[in-house]
Each structure stands twice: as structure tokens, then as C-alpha cells.
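Heads up, the thing below is written out as C-alpha cells.
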Amino acid sequence: MNVLLPVAFVLCWSSGFIGAKLGAGSASALTVLMWRFLPLTAVLAVVAVTVARASWRGLGARDVVRQAVIGALSQSGYLLTVYSAIRLGVSTGTTALIDGVQPLVAGALAGPLLRQYVTARQWLGLCLGLSGVVVVTTADASAATGVAGWAYALPFLGMLSLVTATFLESRSATRVAPSVSLTVHCAASTVVFTALALGTGTAVPPAEPAFWGAVSWLVVLPTFGGYGLYWLILRRSGVTAVNTLMFLIAPVTAVWGALMFGEHFGPRTALGLALGLVAVVVVHRGAAPRGDGRTADRAREPAARDRSDAVSGAAR
């Protein structure tokens with residue numbers, strides 16, 4: 001299971017970039033995102049009031065608001081920038097690769113913000129991963145034509161939004177069941193995307209079957225699979241572990257995009273993939289023991305164990 005969870009996470013998260021490309025051919029980013037989250041939130045709301053009512057007990061208004069902010073950052077802010085970049089012509093691989101700087105940013109901030117300090121060996125792995133990201137990004141960018149330079153800044157903004165959400169969640173001392181957090185996150189995103197779509201006149205979905213196929217893809221794979229597994233691995237293994245896996249998403253997406261859409265994939269892309277794989281191995285083997293005071297705040301261990309137990313018993 002320890003191997004299957006990271007593999008499933010990488011594939012499901014990568015599928016989000018592929019699904020965005022599929023949806024970009026038939027509708028605007030806001031249209032795709034609105035109809036991705038609107039029916040999903042309706043289903044989750046029904047589950048919340050019927051099957052999962054017990055999970056909401058003891059949850060205060062402040063906790064719900066906090067989860068709504070986390071959802072707005074990790075879903076709305078992140079996805080809107082990614083989808084917009086892809087629609088503007090940035091390839092799926094390049095978009096994922098720009099997001100690949102997230103592990104280095106999160107690793108640098110984990111110490112002062114969470115007291116989860118990164119070891120020297122982990123920093124070596126993080127730098128190797130960043131090198132792989134740079135190699136593949138420059139290769140893909142040099143092969144792209146007709147794409148505005150500012151479009152490449154959009155995934156970077158999305159990455160910062162996701163990093164912020166990650167630290168807000170990690171600093172929370174309140175136990176929130178995964179089913180509850182997912183429901184609140186999706187509800188917050190539904191409000192944001194519906195308001196933006198209505199305000200820009202892009203709320204009406206197209207009738208093409210390809211659009212609804214893309215929406216179905218995005219609901220099942222990246223939302224329940226990628227997004228759910230992201231928080232599950234975060235709570236079980238910590239910020240550095242989950243963000244190191246993000247190094248794999250970039251090259252995997254590049255390979256997937258090349259096979260599915262004919263996007264650029266050359267020797268430098270292959271080299272970046274190899275560096276990403278090495279980085280994951282180095283970082284995970286260089287992790288300090290979980291009980292080490294350098295890697296976790298001892299004062300938060302009881303709450304962390306409670307959240308881990310809650311996650312272990314919940315189905316994403």
C-alpha cells in the first residue's frame with residue numbers, strides 16, 4: 001500500500017492536466033471548472049447529510065471557514081490558473097513542470113513555519129528534482145510557438161496558491177474528516193467558479209459529448225483520486241514527502257501529453273524524468289525519523305495522530 005498510494009496519486013494528479021487539455025477544446029476554463037464542481041458538490045452534499053453526518057459533529061463555524069479558505073486556494077486558485085494557461089497554449093507538460101517548483105518552495109518554508117526541518121540529504125534530492133524540472137521546462141518552452149510569455153506565469157501563481165493551502169492545512173490543530181474537508185473544498189470552489197462564470201457569461205455548457213467526457217474525467221480521476229490522495233499522503237507522511245512526489249507529476253504529464261496529444265518530448269525531457277525519479281528516492285531515504293524533534297512539533301503529535309487515525313478509516 002505504501003507504494004500504491006504514491007503511484008496512484010501521481011497518475012491521478014497528472015490526469016488533471018490531461019483533462020484540462022481535453023476540456024479546453026470545447027469550452028472556456030471557467031465553464032469547464034463550473035460544471036466540474038457543481039454536480040460534484042451536489043452529490044457530496046447529499047452524502048454529507050445522509051451517510052457522513054457523524055463526521056460533521058463537533059465542527060465549528062471557524063473550522064468550516066478555514067476549510068473553505070483552504071479549498072478556495074488549493075482548488076479555485078490552483079485550477080483556474082492551470083486551466084487558463086493550457087487554454088492559452090501552454091502544453092500540459094510545461095504547465096505541470098512549472099508547478100514542479102512547489103516542492104522546493106514548500107521544503108524551504110516547512111522548517112520556519114511547521115518545524116518540520118529538511119535534512120541535508122533531502123535538500124540534495126529537492127535540488128535534483130528542481131534540476132529535472134528546469135531541464136524539461138526549457139525543452140518544452142523552446143519547442144512551443146505562438147504562446148504569450150506571460151501565460152507561463154499563470155501556473156507559477158497556481159503553485160503558490162496550492163503551497164499556501166498546504167501550510168494552512170498542516171498548521172490546523174482541529175481534526176477534520178477527509179470526507180468533510182473534500183465537501184467544503186468543493187462547495188467553496190463551486191461558489192467561486194459559478195460566480196465567475198455567471199459574471200463573464202460563460203456558464204452555459206456546450207452540447208458536445210467531448211465536453212461532458214472531459215468533465216467526467218476531471219471529476220473521477222483528479223478530484224477523487226489526485227486531490228483526495230494529496231491530503232491523505234500529506235497527513236500521513238508530511239509536507240516534504242507529498243511535495244516531493246510532485247516532481248514525478250511533471251515528467252509523467254509530459255510523457256502522457258506527448259503520447260495523447262503529440263506534444264514535444266525529446267532527450268532533455270527524458271533526462272528530466274530521470275532526475276525526478278532520483279530526487280524522489282533521495283528525499284524519501286534521507287527523511288529523519290518521524291519521532292525526531294527536527295521533523296515535527298512534539299506539541300502537535302497527539303493531534304497529528306488523531307488526524308492520521310481519521311484519515312486511515314476514511315475512503316477517498
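Observations, loosely collected:
- Classified by the C-alpha gyration tensor, the range 233-277 has an oblate form. Its axis ratio a/c, with a ≥ b ≥ c, is 1.5 or above, and a/b does not exceed b/c.
- Label-to-label distance for LEU271 and ALA120 is 2.8 nm, based on points extended 7 Å past Cα in the beta-carbon direction.
- Shape category assigned to the range 152-196 from the gyration tensor of Cα positions, a/c cut at 1.5: oblate
- Solvent-accessible area assigned to carbon and sulfur over the range 151-273 amounts to 73 percent, based on a 1.4 Å probe.
- Estimated FRET transfer efficiency when R0 is 22 angstrom, pair ALA210-LEU259 (beta carbons, to 0.05): 0.75
- In terms of Cα atoms, the Rg and Dmax of the range 143-223 work out to 16.7, 48 Å.
The values are calculated or read from the model by the stated rules, or taken from the named source; none is laboratory data. A quick note: this is a predicted structure, and the numbers were derived from the prediction, not measured. FYI the Cβ positions are ideal-geometry reconstructions off the backbone, even for glycines, and counts take in every protein chain you see. Surface accessibility is based on the protein's heavy atoms, side chains included, excluding ligands, DNA and RNA. Shrake-Rupley method; radii C 1.70, N 1.55, O 1.52, S 1.80 Å.
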